[in-house]
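Each reported figure results from applying straightforward, stated rules to the coordinates on display, with no laboratory input. The structure presented is a predicted model; accordingly, all values stated were derived computationally and were not measured. We place every Cβ from the backbone using ideal geometry, glycine too, and count neighbours over all the protein chains shown.
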Amino acid sequence: MQKLIIKGNKELSGKISISGSKNATLPILAASILANQVKIKNIPMVQDIFTMIDLLNFIGLKTKIIKKKNTLEIKKPEKKVNTLAPYKLVKTMRAGVLVLGSLLTKYGKAKVSLPGGCAIGTRPVDLHLFALKKLGAKIKIKNGYIFAEAKKGLKGANISFPSISVGATENALLAAFRAAGKTVLKNCAIEPEVKDLIKFLKKLGAKISLKGRTISIQECKISNSKITHEVIFDRIEAGTYMIASALLARKELIINKVNPKNLKSEIDVLKKIGIQIIKKKTSIIIKKGKKFKKINIITKPYPGFPTDLQAQLMVLLTQVNGTSKIKEDIFENRFMHVPELKRMGAEIQIKDKTAIIKGPTKLNGAEVMATDLRASVSLVLAGLVAETRTIINRIYHLDRGYELLEKKLKSCKADIRRV
Ligand code: UD1
């Protein structure tokens, strides 16, 4: 099994280019089931994307990956279509459940494996099913599968989500796209990744408007023409490297290929901690940190501070003066990095949903284990800060979502290698 070995405490300098967003690409790939022919650019070449491509191939779509250009071409199925998303593909990547909305829209039926639990919590799909039922789909759960049917097509409806879910908003968009009449979705997730899906669907012919957390969708015809779409940058990857820069920049580090407008909450939090940040049109410059101040934050849906950056921020908070608090308000079990960080010398206590982090503490290298995607990268950050050597096991989690991680860090003079 592969491991990462990091010799920490080295200053970083240079530039890092941010890849396309994994979480924007996944729903767009699911939406491609609706199209004749698409070309998607700026796709990150990471494991979750390959799993979604495997799923599209399984369904019957024709895909061609052009790795060097981070591009994927997709053509509609020529022969038989499988309206099935099997367990083996959905269990490794929950976003597989997003094909449910597209398959229902295009073929009037779908059989999709329930994703099951995952390391960060139970992660149900009740909100996805709630929306699909409101649109007229008949849903049954049997043998671990969701059986959905809408033989006569879906019907527009007014749907108000009881709580905000990125995936449920996306699945509802994919299902409502061609539903008869008008659909209004209230209390939606408005992450930039949801907006990128809307942009893609509009190219497919969708009539969608967004106001606050309300999305209105008017029945439309699917365009048959070839569609080209460039995926937005990965704001979580950008935030991760912004934190790495804040911790270790020699003088400054430049984060390229971003839109600072989508990073407002991250920039605000880092500034409050005392980090100097210069925003340019498509890049961000992070200056070497001096005195870091403590902070209390709560993870929230966009435009709030993202849960996907909570673990990385915690590493930074081990280096600030004073005691900080992070309340994890999205997922129930997302502090699995804490025992590993404690083994490296961090002083962190967990009380219910809140982590209390004492700083500054010296981090020491240790052999640690990655548990999920974002927890894994927080261990990489801790390893970069630590005084001695860190070995990170189970790095397949990292490969699910961080493109060229070692290469990008090495180009900034980090001492990191895979064995
Ligand atoms: C997406 C992101 C993930 C991010 C998360 C929250 C993708 C591929 N993944 O995941 O990286 O951490 O948003 O920003 O885009 N919930 C329910 N019932 C449901 C659906 C969700 O109770 O049917 C709950 C979840 O358990 C969680 C909360 O709602 O507590 C938010 O989850 P959701 O926004 O749906 O996350 P994902 O779309 O799975």
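When Lys and Arg each count +1 and Asp and Glu each count -1, what net charge do the other residues less than 12 Å away from residue 349, Cβ to Cβ, add up to? Surrounding charge for residue 349 is +2. The angle separating the long axis of helix 373-385 from the principal Cα axis of greatest extent in the chain is about 20 degrees. For the range 22-223, the Cβ-based charge dipole about the Cα centre amounts to some 580 debye (Lys, Arg positive; Asp, Glu negative; other atoms uncharged).
The value of relative contact order for the range 22-223, using C-alpha pairs under 8 Å at least six residues apart, is 17 percent. Convex hull volume of the C-alpha atoms in the chain, normalised per residue: 130 Å³. Taking each residue as 0.36 nm, the span from residue 361 to residue 58 lengthens on full extension beyond its C-alpha to C-alpha distance by 104.1 nm. What number, in percent, do you get for the relative contact order of the range 28-116 if the mean sequence gap of Cα pairs under 8 Å and at least 6 apart is divided by its residue count? Relative contact order here is 31 percent.
Working from label points 7 Å from Cα in the Cα-to-Cβ sense, the residue 2 to residue 393 distance is 1.8 nm.
Take the Cα of residue 264, step 7 Å toward its Cβ, do the same at residue 321, and the gap between the two points is 3.1 nm. May I ask for the angle, rounded to the nearest 10°, between helix 22-31 and the longest principal axis of the chain, with both axes built from Cα atoms and the value confined to 0 to 90°? That works out to roughly 10 degrees. Of the cross-linked pairs 62/88; 294/351; 151/195; 290/413; 133/264; 67/106, which ones have a Cα-Cα span greater than 25 Å in the structure shown? In this structure, 151/195; 133/264; 67/106 lie more than 25 Å apart at Cα. Only Lys, Arg, Asp and Glu carry charge here, each on its Cβ (+1 for the first two, -1 for the last two); on that basis the chain has a dipole of about 1020 debye about its Cα centre.
Taking 0.36 nm per residue of separation and subtracting the current Cα-Cα distance, fully stretching the chain between residue 230 and residue 13 would add 75.2 nm.
Extension gain for residue 281-residue 138 works out to 46.8 nm (0.36 nm per residue, less the C-alpha to C-alpha distance). In this structure, the residue pairs whose Cα-Cα separation is over 27 Å, taken from 68/221; 226/410; 199/325; 76/199, are 68/221; 226/410; 199/325.
Assuming charge only on the beta carbon of Lys and Arg (+1) and of Asp and Glu (-1), the dipole of the range 1-91 about its Cα centre is about 260 debye to the nearest 20.
Quickly work out the residue 300-to-residue 349 label distance, labels modelled 7 Å from Cα along the C-beta direction, and quote it in nm with one decimal. My value for the distance between the label points is 2.7 nm. Against the longest principal axis of the chain, how steep is helix 264-273, in degrees 0 to 90 to the nearest 10, with axes from Cα atoms? Approximately 20 degrees, to the nearest 10. The Cα-based radius of gyration and maximum Cα-Cα distance (Dmax) for the range 22-223 are 15.4, 44 Å. Applying a DSSP loop filter and a limit of 10 other Cβ atoms within 10 Å to the trypsin sites (Lys or Arg not before Pro) in the range 258-296 leaves 281, 290, 291.
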